[in-house]
Amino acid sequence: MTDSTSAQSPAPAKVRTSLLTQNALMKKRNAAEARFKAYGVAAICVSLSVLAIMLWTIFSDGVSAFKQATLSFPVTLDADALDPKGNRDRAEMMRVTTIGYTKLLNAQLLAHLEARGISTEGVTDKDVAAFISRDTPARVRDMVLEQPALLGQTIEVSGFATGRIDGYLKGRVTRDTAERDTNISVAQLDLADRMQAEGILAAKFNWSFLTAPDASDQRPEAAGLGVALIGSAYMMALVVIMVLPLGVAASIYLEEFAPKNRWTDIIEVNISNLAAVPSIVYGILGLAIFINFAKFPQSSPLVGALVLTLMTLPTIIIATRAAIRAVPPSIRDAALGVGASKMQTVFHHVLPLAAPGILTGTILGLASALGETAPLLLIGMVAFVANYPASPLDGGVLDPATALPVQVYSWASRSDPAFIERSAGAIIVLLAFLVTMNIIAIILRRRFERRW
Amino acid sequence: MYDAPNLETRVTQTNTKITARGVQVFYGEKQALQDVNVDILDNTVTAFIGPSGCGKSTFLRCLNRMNDTIASARVEGEILLDGENIYDKRVDPVQLRAKVGMVFQKPNPFPKSIYDNVAYGPKIHGLTRSKAELDQIVEESLRKAALWKEVKDRLTEAGTGLSGGQQQRLCIARAIATAPEVLLMDEPCSALDPIATAQVEELIDELRASFSVVIVTHSMQQAARVSQKTAFFHLGNLVEYGDTSHIFTNPSDPRTESYITGRIG
Amino acid sequence: MSDSTQHIASAFDRDLEGIQGQIMKMGGLVEAAILDAAQSLADRDEEMAEKVRAGDKAIDELEELINETAARVIALRAPTAIDLRVVLSVMKISANLERIGDYAKNMAKRTSVLVQMSPINGSHAALRRMAREVQMMLKDALDAYIQRDAELALDVIQRDRDVDQMYNALFREFLTFMMEDPRNITACMHLHFIAKNTERMGDHVTSIAEQVVYLVTGQMPDDQRPKGDNVSFDMPDAKD
């Protein structure tokens, strides 16, 4: 306790380092940090540029699908030709096939061109008739059969032009390629220019891209996403109806009620495994069980929904469990302390608080299911479906349909460049849906997160 | 000449509400409580004090079978509430918890409106037949919790929007809305500032007229202020149990004295 | 005054009011004891003297109770600031009151003895006046306590000088009596002790008043306690 410091040699004087200069160690650390930041920024830049390239490619290819070359000219619906018996009987009128309408339209177009003073020099009548898409007479026929009162009147028909003309307007077909192409001549292209100048031919916004069913190779201009959209919609609706109760109930049971033993551990591990299984395996599963064994109709939204449900279920279960676990135990304690039973605690307190998380997980699961192609291919949804499925109440879920991503695949594998263009357009629609669903998920999450 | 008013020193002879005999609690292999014997009286505030990990919270949670929610917990011995063993096989813990309410350390109101917070208990236990009755129970509970004046104009606002002290009083109102016979409080003031603490302690003093209160506290001063009977726990044993004024002026067991005077942790 | 608003914990208020009430009760008993003792001396009333002596027991019991209660309040409430001064002052005041009570009892005891002897003229009135003065001081000190009036307390402290003067006068008077007639010595000695005890009572009342000042201001008053009795230093000439 005595002061022993006097016995020791004096300690070396402490040098105070200045704060204003950095020592070597700090400099190295700062340099390392700056390098790391640079790597991060570079990685982000690379990712963003790849994303930008992808989006630009898609958009540049697909935006044109939303416009379609359209011919507009007046057509007098000649009652004699279209309703020979004159009794406006539908069955009778149906005997006049599209060929009859085609002849009528061809004649009317030629007449109109003459009337407008557009020279058809160098182009045969047959070639002029080739301007009109095969889809247009069918449409006019449907229209007349629906409204027989139109007979005898002159209506303004607005129908698609044929694929090559459309290609010309969009720049796919040029005078050089036309020389080598058997389906189109340079003279036809010149006529197209003249018709465009007069306003008979124009590229108009193509609503039927979204509403029309798929079309054959002979008339790509009429192909649309109608069936695919309906098929996807039915499937999504069915998936939500099936996956939510199943997934949430399974999750609640596993999290709240199941005893914590070996079996539940095994189940947990396997659920995570299921989430990682490749989607095509689910397709095989669906084929084996639903189509071969249960004999559900192939290519129906019901089977597609069943397969997608199985695929999405692990994701929903995992998301729900995370949401339930995020509810603080103090709320559970409070509910139990007041004398609520386990069920009441879960349904009155835990679930409402976990709901935003469950909702977000569901929407994200649905968004990824929306974009799944492989399993749907295996259960046959790649078939060419030209008719809309009926309404759900009439068993429409069992009618053959297709889905958006599958439609993209099937168009992309066809030869006509118009289909390629359409598949890019379909990708745009698909992306729009996905982005919308993700934005909704984000908004919902933000909105409900402020609760506590 | 001044009259000496009645001093709050002695507990008048009251009934025993809870009797614990030979209570032992195990968490898996580890024994948390050994052979606890204690009589909790009615209309009395009983405080459990002791250092961290001494078992006071564990014992408190035995009284309303909250330990049932912990998978590895095992309770032996008997705990009688008005003569009935609460660990009897025929007893439903849910029903028990309507009679033995609990308030926790951190205020935990439900993320619902103030009204719904208080009304939840009576609703699920079917204690009321009409909305008017429910309104009355909510008002009475909030009044008893000394919160009515502050919230009567905003019963539909979220319970989580109140201050810490108000939230804890809301939790107390919620607990007493089910007309419990015993109120258990696990360190109810540890998350509150001194003024809110004093308000809650004053509230506890008023509540003991209606039921028995058992409070676990790590603040000896709080136990001294608020309780009439005090139990000192140490390393899983109940060391001493007696009148609060006796324990704090002249405890019988030297361990109690060491703890109270701050000589052991 | 900060102790006029209530504590959030109302039981604390009740405890403090309790012990202060006990002090006032004790003070009342002591005041009565002083007056009764003086009265019994003046009237040569043995019964009353006996009553005073018996009454001291209650005063002692109250002091014990007050100490117990104060200890309990300190243990359970951990009072601070003015609350602490209230409790500490109560303990000191009760000790002072108990001593005053003892002096009153002693006065009554000596009165019982004096009654057996022949009366000495002229002294009783003075003694009674002195006792009355002390009792008035005590009453004022207790009033100052309950009203937290430091001015009144300081006034009480000053009045002790008068009591001391009265004692000086009585001391000389008794000396005169004793020198006049040696048969008076026994009685005068008793009377002297009575006077001395009364003067000591006054000192205790002063001490109580000092506690009141401490309670109100937080500091003991300057030690300007008037020391009026100079008999120890100023011996009268025996030849007078």
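The values are calculated or read from the model by the stated rules, or taken from the named source; none is laboratory data. Since we're looking at a predicted model, the values are computed, not measured. Backbone-built Cβ (ideal geometry, glycine too); neighbour counts: all protein chains shown.
Listed conditions (1) among the polar types (S, T, N, Q); (2) buried (at least 20 other Cβ atoms within 10 Å of the Cβ); (3) on the phi < 0 side of the Ramachandran plot are all met by A:SER272, apart from (2).
Answer yes or no as to whether A:ILE379 is away from chain B (no Cβ under 14 Å), more than 30 Å from A:LEU353 (Cα to Cα) and touching a Ser or Thr at 6+ places or on another chain (Cβ under 9 Å). Walk me through how you get there before you give the answer.
Numbers: away from chain B (no Cβ under 14 Å): yes; more than 30 Å from A:LEU353 (Cα to Cα): yes; touching a Ser or Thr at 6+ places or on another chain (Cβ under 9 Å): yes.
So A:ILE379 fits the description; yes.
In segment B:181-204, is there at least one residue being assigned to a loop (DSSP other than H, G, I, E, B), of a type in the set (A, V, I, L, M, F, W, C), away from chain C (no Cβ under 14 Å) and within 11 Å of the chain's Cα centre (by Cα)? Within segment B:181-204, none of the residues are assigned to a loop (DSSP other than H, G, I, E, B), of a type in the set (A, V, I, L, M, F, W, C), away from chain C (no Cβ under 14 Å) and within 11 Å of the chain's Cα centre (by Cα). Is it the case that B:ILE215 is within 15 Å of the chain's Cα centre (by Cα), under 16 Å from B:PRO109 (Cβ atoms) and either within 14 Å of chain C (Cβ to nearest Cβ) or crowded, with 20+ Cβ neighbours inside 10 Å (or both)? In short, no.
Selection of segment B:117-140 for residues being without any contact (Cβ under 8 Å) to a residue 40 or more places away in the chain and assigned to a helix (DSSP H, G or I) yields B:LYS123, B:ILE124, B:LYS131, B:ALA132, B:GLU133, B:LEU134, B:ASP135, B:GLN136, B:VAL138, B:GLU139, B:GLU140. For segment B:227-253, filtered to residues that are under 15 Å from the mean Cα position of the chain (by Cα) and within 21 Å of C:GLU68 (Cβ to Cβ), the residue that is farthest from the other protein chains (Cβ to nearest Cβ) is B:LYS229.
Being more than 14 Å from chain B (Cβ to nearest Cβ), surrounded by fewer than 19 Cβ atoms within 10 Å (Cβ to Cβ) and assigned to a helix (DSSP H, G or I) holds for only one residue in A:SER415, A:SER410, A:SER368, and it is A:SER368. Please verify whether segment A:314-325 includes one or more residues that are away from every other protein chain (no Cβ under 14 Å), over 27 Å from the mean Cα position of the chain (by Cα) and surrounded by fewer than 21 Cβ atoms within 10 Å (Cβ to Cβ). Yes, segment A:314-325 contains at least one residue that is away from every other protein chain (no Cβ under 14 Å), over 27 Å from the mean Cα position of the chain (by Cα) and surrounded by fewer than 21 Cβ atoms within 10 Å (Cβ to Cβ).
For A:ALA334, the requirement of being in a helix (DSSP H, G or I), surrounded by 23 or more Cβ atoms within 10 Å (Cβ to Cβ) and in contact with a strand residue (DSSP E or B) (Cβ under 9 Å, 6 or more places away or on another chain) is met. Report yes if some residue within segment B:35-57 is within 14 Å of chain A (Cβ to nearest Cβ) and either modelled with pLDDT under 95 or under 26 Å from B:PRO251 (Cα atoms) (or both); otherwise report no. Yes, the conditions are met somewhere in segment B:35-57.
Restricting A:ALA69, A:ALA130 to residues that are closer than 18 Å to A:ASN206 by Cα, surrounded by 11 or more Cβ atoms within 10 Å (Cβ to Cβ) and within 38 Å of the chain's Cα centre (by Cα) narrows the list to A:ALA69. Candidates C:ALA33, C:ALA58, C:ALA37, C:ALA49: the one that is more than 27 Å from C:VAL216 (Cα to Cα), within 14 Å of chain B (Cβ to nearest Cβ) and crowded, with 22+ Cβ neighbours inside 10 Å is C:ALA33.
Residues considered: B:ARG90, B:ARG169. Of these, the only one that is within 17 Å of A:VAL338 (Cα to Cα) and not hydroxyl-bearing (Ser, Thr, Tyr) is B:ARG169.
If you go through segment C:9-27 and keep only what is within 9 Å of chain B (Cβ to nearest Cβ), buried (at least 16 other Cβ atoms within 10 Å of the Cβ) and in contact with a helix residue (DSSP H, G or I) (Cβ under 9 Å, 6 or more places away or on another chain), you end up with C:ALA9, C:ALA11, C:PHE12, C:ASP15, C:GLY18, C:ILE19, C:GLN20, C:GLN22, C:ILE23, C:MET24, C:LYS25, C:GLY27.
Please work out if B:THR16 is within 15 Å of the chain's Cα centre (by Cα) and more than 10 Å from chain A (Cβ to nearest Cβ). In short, no. The residues in segment B:239-265 that are over 10 Å from B:MET220 (Cβ atoms), in contact with a helix residue (DSSP H, G or I) (Cβ under 9 Å, 6 or more places away or on another chain) and either of a type in the set (A, V, I, L, M) or assigned to a loop (DSSP other than H, G, I, E, B) (or both) can be counted, and the count is 7.
For segment B:58-80, the tally of residues that are part of a strand (DSSP E or B) and within 14 Å of chain A (Cβ to nearest Cβ) stands at 1. Scanning segment B:81-115 for residues that are in contact with a helix residue (DSSP H, G or I) (Cβ under 8 Å, 6 or more places away or on another chain), outside any loop (DSSP other than H, G, I, E, B), touching a residue at least 40 places away in the same chain (Cβ under 8 Å) and not aromatic (Phe, Trp, Tyr) yields a count of 8. For the residues B:GLY77, B:GLY126, the requirement of being farther than 11 Å from B:ALA173 by Cβ, of a type outside the set (Ser, Thr, Tyr) and at pLDDT below 90 singles out B:GLY126. Just one of (1) within 14 Å of chain C (Cβ to nearest Cβ); (2) assigned to a strand (DSSP E or B); (3) over 16 Å from the mean Cα position of the chain (by Cα) trips up B:GLN221, so point out which. It is condition (2) that B:GLN221 fails. In the set A:THR98, A:THR182, which member is free of Cβ contacts under 8 Å to residues at least 60 places away in the same chain, over 21 Å from A:ALA203 (Cβ atoms) and surrounded by 14 or more Cβ atoms within 10 Å (Cβ to Cβ)? Exactly one of A:THR98, A:THR182 is free of Cβ contacts under 8 Å to residues at least 60 places away in the same chain, over 21 Å from A:ALA203 (Cβ atoms) and surrounded by 14 or more Cβ atoms within 10 Å (Cβ to Cβ), namely A:THR98. Quick check, is A:LEU353 in contact (Cβ under 8 Å) with a residue 60 or more places away in the chain and within 14 Å of chain B (Cβ to nearest Cβ)? Against the criterion (in contact (Cβ under 8 Å) with a residue 60 or more places away in the chain and within 14 Å of chain B (Cβ to nearest Cβ)), A:LEU353 qualifies.
Out of all the residues in segment C:114-125, which are in contact with a helix residue (DSSP H, G or I) (Cβ under 6 Å, 6 or more places away or on another chain) and either in a helix (DSSP H, G or I) or on the phi > 0 side of the Ramachandran plot (or both)? Show your work before the answer.
Of segment C:114-125, the ones in contact with a helix residue (DSSP H, G or I) (Cβ under 6 Å, 6 or more places away or on another chain) are C:114-115, C:117, C:120, C:123-124.
C:LEU114, C:VAL115, C:SER123, C:HIS124 - these are the residues of segment C:114-125 that are in contact with a helix residue (DSSP H, G or I) (Cβ under 6 Å, 6 or more places away or on another chain) and either in a helix (DSSP H, G or I) or on the phi > 0 side of the Ramachandran plot (or both).
Residues being in a helix (DSSP H, G or I), at pLDDT 80 or above and among the acidic types (Asp, Glu) are entirely absent from segment A:91-111.
Residues that are among the hydroxyl-bearing types (Ser, Thr, Tyr) and without any contact (Cβ under 8 Å) to a residue 12 or more places away in the chain were ranked within segment C:1-32; the one that is nearest to C:ALA70 (Cα to Cα) is C:SER10.
With respect to (1) under 20 Å from the mean Cα position of the chain (by Cα); (2) in contact (Cβ under 8 Å) with a residue 40 or more places away in the chain, the lone exception for B:GLY159 is condition (1).
Determine which member of the set C:GLU151, C:GLU133 is among the acidic types (Asp, Glu), assigned to a helix (DSSP H, G or I) and more than 12 Å from the chain's Cα centre (by Cα).
Numbers: C:GLU133 fails: more than 12 Å from the chain's Cα centre (by Cα).
When all the criteria are applied, what remains is C:GLU151.
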